[in-house]
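The structure appears below as structure tokens.
The values are calculated or read from the model by the stated rules, or taken from the named source; none is laboratory data. Worth saying up front: this structure is predicted, and the values here are computed from it rather than measured. With ideal geometry, Cβ positions are generated from the backbone for all residues, glycine too; neighbour counts draw on all protein chains shown.
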Amino acid sequence: MDSQVASQRSTYEKSIQHIMRRLPTERLASLVEFARFLEFEVEISRTQEAIEVAETASANKWDELLAKPESKNLLRKMAHEAQAEYLAGESTEIKLANDDRLSPA
């Protein structure tokens with residue numbers, strides 16, 4: 001932590017202490033609850049950022065994987081197999097279930 005940030009934190013801490021000393025005791029719990037709320041908001045924000053980073057990394061890995069010639073060949077083979085099953089009448093209709101999953105129609 002650089003000295004400017006440390007100085008600013010110290011100023012805030014002194015302000016909070018000054019406010020605490022002036023508040024009636026029964027109001028201190030509210031101050032603590034609000035501080036915990038702020039702490040929770042920061043944690044949620046950090047968690048959301050970490051999830052976004054992980055999702056981006058995962059998407060990039062899939063993009064890299066699917067860009068490979070062997071992956072393209074495998075997907076092409078699977079598409080041909082699916083088409084052959086459909087033309088042979090071996091496939092079934094599907095629908096979207098209430099829980100957003102695919103299920104037989």
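Key figures
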| item | result |
| --- | --- |
| Answer from K72, K77 - the residue that is closer than 30 Å to A105 by Cβ, charged (D, E, K, R) and surrounded by 10 or more Cβ atoms within 10 Å (Cβ to Cβ) | K77 |
| Residue within segment 89-97 that is under 30 Å from Q17 (Cα atoms) and charged (D, E, K, R) present | no |
| Candidates A97, A50, filtered to the one that is over 21 Å from the mean Cα position of the chain (by Cα) and either surrounded by 10 or more Cβ atoms within 10 Å (Cβ to Cβ) or of a type in the set (G, A, S) (or both) | A97 |
| Helices (runs of 4 or more DSSP H) completely within segment 1-101 that count 1 or more residues being among the β-branched types (V, I, T) and without any contact (Cβ under 8 Å) to a residue 24 or more places away in the chain | 3-22, 25-67 |
| Residues satisfying the stated conditions in segment 14-36, i.e. of a type in the set (D, E) and at pLDDT 95 or above | E33 |
